[in-house]
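Please read the structure below before turning to the comments.
Taken together, the values in this text are just the output of simple stated rules run on the coordinates, not laboratory data. All of these numbers come straight from a predicted model, not from anything done at the bench. Glycine also receives a Cβ, built like all others from the backbone with ideal geometry; neighbour counts cover every protein chain displayed.
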Amino acid sequence: MEVHAHSHTARKKWTHYLWEFLMLFLAVFCGFLAENFREHQVEHLREKKYIVSLIKDVQLDIASLENSTELRKVQLSYFDSLSSLLKQDYKNRMNDLYFYARHISRSTLFRYHDRTILQLKNSGNLRLIRNADAADSITVYDNEAIKTVLVQQETEEEFRQDIAWGLNGKIFNGVVWDEMNDSNSKISRPINNPSLLTRDPILINEFHFKVVQLKATLLFTNRYIQRAITSAKHLIELLQKEYHLQ
């Protein structure tokens, strides 16, 4: 019977095992770096997308703020005229008196376009804004500049409602009040010099006093709006610079 010799595989050196370990380690490490780089790039794109969207929102804010302040300036001129009429004999200027007073119930509210900021807050994506200056400016704009305007507007609306619901119905003729407002919500002056429901000096004085308060509130609101516009423009300039946007 023939006997077959068996071949023996030479034992590998320890350096061979070390080399295999290093190759495996490098493969895993490079994979980790590649995945980390990919996630970093994805988050950077998401961050830039949010910034572009935020800039559009702030631009809309500026337009709304400017429109709101212009409407408020018109109302201030009306209320100045109303206050001036109440200081004199206005019995032959009732058309004007009704016209100016009718604008008390007209709001001039700024609308905050906070869609992107809410997305960043609610989804926890504020962490994506890694630029410290950008993150700080966004926070200041949202928590200080705009919040001040919104709180002031609430105060303004309280004064409007106080006059509209508490006094207008006691002083002005409701039929005339309704006829002044057309189907397009445009206010027109009466033409027949309508009378008031009362000439009670105490009630008229209370009305006048609250009109003066409302005027002061409108002025304060416009001051806060100007600060908010400045803050908004500064935020846009900073974001465009930091994220290299046109």
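Here are some notes:
- Loop-located trypsin sites (Lys or Arg not before Pro) across segment 143-246 with a Cβ neighbour count of 12 or fewer within 10 Å are K186, R199, with loop assigned by DSSP.
- Per-residue HN-Hα couplings for segment 146-154 [Karplus 6.51, -1.76, 1.60; θ = phi - 60°; Hz; x = Gly/Pro]: 6, 4, 4, 5, 5, 5, 5, 5, 4
- Theoretical gain in end-to-end length, D200 to R127 [0.36 nm per residue, Cα-Cα removed]: 20.1 nm
- Net +/- balance of residues flanking I204 in space, Cβ distance below 15 Å, scoring K and R +1, D and E -1: +3
- Measuring r between the beta carbons of K186 and V140 and using R0 = 35 Å, the FRET efficiency lands at 0.35.
- Residues whose amide H falls under 5 Å from that of N173, counting only those 5 or more places apart or on a different chain, are L197, with hydrogens built in the peptide plane.
- Under 28 Å from K48, Cα to Cα: lysines that are on another chain or at least 8 residues apart: K56, K121, K147, K233, K241
- Couplings 3J(HN,Hα) of segment 177-188, computed from phi: 4, 6, 5, 6, 9, 8, 5, 9, 6, 8, 8, 10 Hz, in residue order, whole Hz [Karplus 6.51 cos²θ - 1.76 cosθ + 1.60, θ = phi - 60°; x for Gly and Pro].
- The phi-based Karplus calculation (6.51 cos²θ - 1.76 cosθ + 1.60; θ = phi - 60°) puts the 3J(HN,Hα) values of segment 47-52 at 4, 5, 5, 4, 5, 4 Hz, whole numbers, x for Gly and Pro.
- Inter-probe distance in nm under a simple model that places probes 7 Å from Cα toward Cβ, at F209 and N67: 3.7
- Rounded, prolate or oblate (a/c below 1.5 giving rounded, otherwise prolate when a/b exceeds b/c) for segment 166-246 by Cα gyration tensor: oblate
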